[in-house]
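Following: one structure in structure tokens, then a few remarks.
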Amino acid sequence: MKNESRFTFLSKTSSQFPKAFLLFFLVGYVLGPIFSPFPAKGAPQDKERWNRNYQTQEYISGKEPVPFLKENVELLPKGTVLDLAMGEGRNGVYLATKGFEVTGIDISETGLRKAEALAAEHGVKISTKVADLEQYKLKANTYDVIICTYYLQRDLFPQIISALKPGGVAVVETFTLDHQKYQPGFRQEYLLKPNELLTLLKGLTVLRYQAVDTGNAAYASILARKPS
Ligand SMILES: C[S@@+](CC[C@H](N)C(=O)[O-])C[C@H]1O[C@@H](n2cnc3c(N)ncnc32)[C@H](O)[C@@H]1O
């Protein structure tokens with residue numbers, strides 16, 4: 001359809017990207033694996049690390065959704081949302097306030113408790129499930145919307161596509177390789193290559209895409225729809 005595929009490439013020089021988020025990312029994703037005797041992937045140590053990170057009154061990723069989600073919420077079909085690696089719930093709770101029926105999955109029960117508290121703060125309800133996404137299998141053709149921000153597990157993408165209902169929409173955002181200039185030592189395997197999100201969601205219709213460099217963070221975002 002005309003005008004449906006809008007690709008936006010932004011380059012900004014300043015941003016409100018939460019500094020606490022970057023700090024906890026550094027602790028969670030960079031220093032954690034370096035000091036851990038276990039491989040970073042798969043999971044008991046991830047669970048402990050993220051439970052520790054989230055053991056603070058403060059919302060380390062903030063309480064506001066990522067701007068890309070807020071800017072494009074009108075493009076989402078109303079209905080069920082699955083928030084993968086929901087964390088403290090900033091995105092899922094925002095969608096619940098917009099009338100979506102939200103389920104969040106995360107390996108950290110501490111994060112999900114904070115997500116539930118955030119939902120209560122807004123007077124909405126969400127469902128949460130503690131699970132390791134490296135083991136968990138998503139049910140096919142089930143969700144109207146799937147969101148996944150700042151959690152990169154490449155082998156999850158075929159499942160994301162399959163778990164969307166026909167006409168369902170995926171929203172994904174995470175750091176790109178350029179982010180290494182702001183956090184040298186950030187593990188490359190957790191960073192997106194140029195245009196990689198377009199490849200990972202191949203087969204879906206891309207409605208929005210952006211690659212952003214804010215001057216203190218570099219990330220890419222995509223919103224793409226499964227064919228009906
Ligand atoms: C950087 S946080 C992002 C949280 C949230 N998506 C956001 O943007 O605010 C990464 C999240 O991934 C979760 N996580 C890490 N490994 C996981 C796994 N194997 N299965 C499920 N969640 C996992 C962590 O608990 C953490 O909440």
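Say we look at the stretch 133-161 and pick out the residues that are more than 16 Å from residue 106 (Cα to Cα) and of a type in the set (Ser, Thr, Tyr); which of these is nearest to the ligand (Cβ to nearest atom)?
Going through the qualifying residues, I end up with 143.
So the check is Cβ under 7 Å with 6+ separation or different chains; which pairs have a first residue in the stretch 44-67 that's more than 23 Å from residue 102 (Cα to Cα) and a second one that's part of a helix (DSSP H, G or I)?
49/28; 49/32; 53/24; 53/27; 53/28; 55/110
Restricting to the stretch 90-109, and then to whatever is in a helix (DSSP H, G or I) and surrounded by 19 or more Cβ atoms within 10 Å (Cβ to Cβ), can you tell me which residue is farthest from the ligand (Cβ to nearest atom)? Spell out how you get there, then give the answer.
Going residue by residue through the stretch 90-109, those that are in a helix (DSSP H, G or I) are 90-97, 109.
From what's left, surrounded by 19 or more Cβ atoms within 10 Å (Cβ to Cβ): 90-96.
On the way: 90: 5, 91: 6, 92: 9, 93: 10, 94: 11, 95: 12, 96: 15 Å.
Checked the stretch 90-109; the qualifying residue farthest from the ligand (Cβ to nearest atom) is 96.
So, in the stretch 178-188, exactly how many residues are touching a residue at least 24 places away in the same chain (Cβ under 8 Å) and in contact with a helix residue (DSSP H, G or I) (Cβ under 9 Å, 6 or more places away or on another chain)?
Within the stretch 178-188, the subset touching a residue at least 24 places away in the same chain (Cβ under 8 Å) is 178-179, 181-183, 185-187.
Narrowing the set further to residues that are in contact with a helix residue (DSSP H, G or I) (Cβ under 9 Å, 6 or more places away or on another chain) leaves 182-183, 185-187.
Final tally of qualifying residues: 5.
Considering only residues that are assigned to a strand (DSSP E or B) and surrounded by 15 or more Cβ atoms within 10 Å (Cβ to Cβ), which ones fall in the stretch 133-168? Give the derivation first.
The initial filter retains those residues of the stretch 133-168 that are assigned to a strand (DSSP E or B), namely 143-149, 164-168.
Listed by number, the residues that qualify are 143, 144, 145, 146, 147, 148, 149, 164, 165, 168.
Among the numbered criteria (1) within 25 Å of residue 193 (Cα to Cα); (2) touching a residue at least 12 places away in the same chain (Cβ under 8 Å); (3) within 17 Å of the chain's Cα centre (by Cα), which single criterion is violated by residue 111?
In the conditions (1) within 25 Å of residue 193 (Cα to Cα); (2) touching a residue at least 12 places away in the same chain (Cβ under 8 Å); (3) within 17 Å of the chain's Cα centre (by Cα), residue 111 misses (1) alone.
Identify all residues within the stretch 37-89 that are at positive phi, at pLDDT 95 or above and surrounded by fewer than 17 Cβ atoms within 10 Å (Cβ to Cβ); write none if there are none.
Of everything in the stretch 37-89, those that are at positive phi, at pLDDT 95 or above and surrounded by fewer than 17 Cβ atoms within 10 Å (Cβ to Cβ) turn out to be 62, 79.
Just give me the residues in the stretch 200-228 being under 17 Å from the mean Cα position of the chain (by Cα) and not in a strand (DSSP E or B), in sequence order.
Those that are under 17 Å from the mean Cα position of the chain (by Cα) and not in a strand (DSSP E or B): 200, 201, 217.
Spot the failing condition for residue 86; the list is (1) in contact with a Leu (Cβ under 6 Å, 6 or more places away or on another chain); (2) within 12 Å of the ligand (Cβ to nearest atom), and only one is missed.
Tallying (1) in contact with a Leu (Cβ under 6 Å, 6 or more places away or on another chain); (2) within 12 Å of the ligand (Cβ to nearest atom), residue 86 fails exactly one: (1).
Regarding residue 87, is this residue part of a strand (DSSP E or B), within 29 Å of residue 210 (Cα to Cα), touching a residue at least 12 places away in the same chain (Cβ under 8 Å) and under 16 Å from the mean Cα position of the chain (by Cα)?
Working: part of a strand (DSSP E or B): no; within 29 Å of residue 210 (Cα to Cα): yes; touching a residue at least 12 places away in the same chain (Cβ under 8 Å): yes; under 16 Å from the mean Cα position of the chain (by Cα): yes.
Criteria not met by residue 87.
Before we move on, is residue 206 more than 10 Å from residue 220 (Cα to Cα) and either touching a helix residue (DSSP H, G or I) at 6+ places or on another chain (Cβ under 8 Å) or modelled with pLDDT of 95 or more (or both)? Can you show your working first?
Details: more than 10 Å from residue 220 (Cα to Cα): yes; either touching a helix residue (DSSP H, G or I) at 6+ places or on another chain (Cβ under 8 Å) or modelled with pLDDT of 95 or more (or both): yes.
For residue 206, the condition - more than 10 Å from residue 220 (Cα to Cα) and either touching a helix residue (DSSP H, G or I) at 6+ places or on another chain (Cβ under 8 Å) or modelled with pLDDT of 95 or more (or both) - is met.
The values are calculated or read from the model by the stated rules, or taken from the named source; none is laboratory data. The structure presented is a predicted model; accordingly, all values stated were derived computationally and were not measured. We place every Cβ from the backbone using ideal geometry, glycine too, and count neighbours over all the protein chains shown.
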